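See structure below.
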Amino acid sequence: MTASIEFAGVAKRFGAVEIIPDFSLHIEAGEFIVLLGPSGCGKSTLLRMLAGLESVTGGRIVLGGTDVTQLPPGQRGLAMVFQQYALYPHMSVFDNMAFGLRNIGLAAAEVERRVNAAAHMLELDALLQRLPGQLSGGQRQRVAIGRAVVKEPKAFLFDEPLSNLDAKLRNRTRIELARLHKRLGSTMVFVTHDQVEAMTLADRIVVMNGGRIEQVGQPMEIYQKPRTRFVAGFVGSPAMNFLPAERLADEQGLVAVRLADGAVLRTQVRAAGVGSRELCIGVRPEGLKLADSGLVSGSVELIERLGERSLAHVGLGDGTVVVAEVPVQRTLALGDVVRLQPELDQLHVFDADGLAHHAEAAEAVAA
């Protein structure tokens with residue numbers, strides 16, 4: 001019963017304020033898509049338009065080949081899980097999950113079958129007669145998910161469903177959602193501003209900014225080859241380091257730059273297609289190594305010891321602070337002067353328009 005979803009030139013305005021100018025995206029049946037972006041980027045508005053809770057100013061929404069742009073919510077065959085649980089406090093877990101099915105006149109035996117099946121899947125069997133007030137936050141969220149599951153919808157819509165949970169429950173519920181998707185094989189559209197949720201759950205991530213798509217891709221594609229500086233800075237924890245740079249004469253067809261402290265860096269980024277003179281070099285913390293003969297130097301301002309790895313925040317001479325991953329056995333103290341060497345194959349060059357140009361493999365550069 002799962003269905004594909006098509007946004008075709010969808011736009012949304014509130015009066016003169018344009019929230020989403022022109023949004024087009026195809027979602028395959030059974031795909032888990034995450035809409036990722038900062039608050040106010042339009043991701044929840046898109047989800048509400050898909051659900052029929054917001055009108056569409058322009059464009060079309062097609063569900064499983066059927067244009068549903070003007071259909072009321074109840075006729076779209078979708079199920080939505082909200083940030084707030086929205087459970088009926090006076091009803092048992094069973095009745096909360098059964099309420100929507102009874103409203104459409106489903107036979108009692110079928111209601112019981114669906115509720116019991118969903119409860120078993122979500123490990124709620126022992127809680128069916130409890131009231132919401134007797135449940136933990138994680139259990140209540142599972143009931144909200146179960147209420148969606150029993151509808152056997154064409155697609156599931158999740159609007160930041162984990163944001164009210166503490167870290168431990170958020171991790172567990174994230175795993176449960178991944179398992180649920182694998183069991184059901186249903187189309188799922190998940191909205192979040194949490195890039196960890198996006199990276200762990202999505203088949204594809206849609207990174208949004210200002211109502212527009214910045215990039216669509218698989219999680220590691222988004223991480224390793226961000227299309228824009230915005231994506232590079234938004235995806236990844238900690239974020240990518242950015243170093244302002246002045247372009248020098250290209251060397252053997254590769255971009256060469258001078259950093260703010262005067263250090264000269266020859267990248268593995270092809271010069272063709274990089275038109276700007278003022279550039280920015282990007283490198284993630286794992287691509288910035290401590291080295292006695294490192295290209296840049298700075299003073300250690302903060303050390304994060306995270307168990308499996310440590311992160312050093314290093315202040316450079318021009319005032320820029322970068323984060324470098326350091327071996328856990330390496331002893332550092334605040335104020336230590338260190339040298340850092342960027343891994344050339346992990347460098348990214350961002351032009352004046354914020355577009356990314358990526359390093360190529362060493363063998364490709366040599367060719």
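Of the strands (runs of 3 or more DSSP E) entirely within region 265-367, those holding at least 2 residues that are over 21 Å from residue 233 (Cα atoms) and over 30 Å from the mean Cα position of the chain (by Cα) occupy 296-305, 337-342.
Residue 153 meets each of the listed conditions (1) over 11 Å from the mean Cα position of the chain (by Cα); (2) of a type outside the set (A, V, I, L, M); (3) crowded, with 22+ Cβ neighbours inside 10 Å apart from (3). Condition (residue is over 31 Å from the mean Cα position of the chain (by Cα), more than 27 Å from residue 29 (Cα to Cα) and aliphatic (A, V, I, L, M)) applied to region 120-127: is it met by at least one residue? The answer is yes, given that some residue of region 120-127 is over 31 Å from the mean Cα position of the chain (by Cα), more than 27 Å from residue 29 (Cα to Cα) and aliphatic (A, V, I, L, M).
Filtered by the rule that a residue be closer than 17 Å to residue 352 by Cβ and either in contact (Cβ under 8 Å) with a residue 12 or more places away in the chain or part of a strand (DSSP E or B) (or both), region 232-255 gives 232, 242, 243, 244, 245, 246, 247, 248, 250, 255. For region 191-203, give me the residue count where each residue is crowded, with 22+ Cβ neighbours inside 10 Å and outside any helix (DSSP H, G or I). Counting residues in region 191-203 that are crowded, with 22+ Cβ neighbours inside 10 Å and outside any helix (DSSP H, G or I) gives 3. All conditions in (1) crowded, with 20+ Cβ neighbours inside 10 Å; (2) of a type outside the set (Lys, Arg); (3) within 30 Å of residue 46 (Cβ to Cβ) hold for residue 243, with the sole exception of (3).
Just to be sure I understand, how many residues within region 214-231 are part of a loop (DSSP other than H, G, I, E, B) and over 11 Å from the mean Cα position of the chain (by Cα)? Of the residues in that region, 3 qualify. Residues considered: 288, 311. Of these, the only one that is surrounded by 13 or more Cβ atoms within 10 Å (Cβ to Cβ), of a type outside the set (S, T, N, Q) and touching a helix residue (DSSP H, G or I) at 6+ places or on another chain (Cβ under 8 Å) is 311.
I'd like the residue in region 142-190 that is assigned to a loop (DSSP other than H, G, I, E, B) and without any contact (Cβ under 8 Å) to a residue 60 or more places away in the chain and, out of all such residues, is nearest to residue 130 (Cα to Cα). So the residue we want is 150. The criterion of at least 1 residues that are at pLDDT below 95 is met by the following strands (runs of 3 or more DSSP E) wholly inside region 1-114: 5-14, 17-27, 78-81.
Yes/no per residue for (1) loosely packed, with under 14 Cβ neighbours inside 10 Å; (2) closer than 30 Å to residue 7 by Cβ:
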position	(1), (2)
69	no, yes
74	yes, yes
79	no, yes
88	yes, no
92	no, no
96	no, no
119	no, no
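Is it the case, given these coordinates, that residue 171 is farther than 21 Å from residue 39 by Cα, of a type in the set (S, T, N, Q), surrounded by fewer than 22 Cβ atoms within 10 Å (Cβ to Cβ) and not assigned by TED's automatic domain parsing to the domain that holds residue 304? Criteria met by residue 171. Just name the residue that is nearest to residue 192 (Cα to Cα) out of those in region 5-44 that are β-branched (Val, Ile, Thr) and touching a residue at least 40 places away in the same chain (Cβ under 8 Å). Among residues in region 5-44 that are β-branched (Val, Ile, Thr) and touching a residue at least 40 places away in the same chain (Cβ under 8 Å), the one nearest to residue 192 (Cα to Cα) is 34. Taking the criterion of being at pLDDT 90 or above, closer than 21 Å to residue 168 by Cβ and part of a loop (DSSP other than H, G, I, E, B), the only residue of region 131-141 that qualifies is 135.
The values are calculated or read from the model by the stated rules, or taken from the named source; none is laboratory data. This structure is a prediction, so every number in the text was calculated from the model and none was measured. Ideal geometry is used to build each Cβ from the backbone, glycine not excepted, and the neighbour counts take in all protein chains shown.
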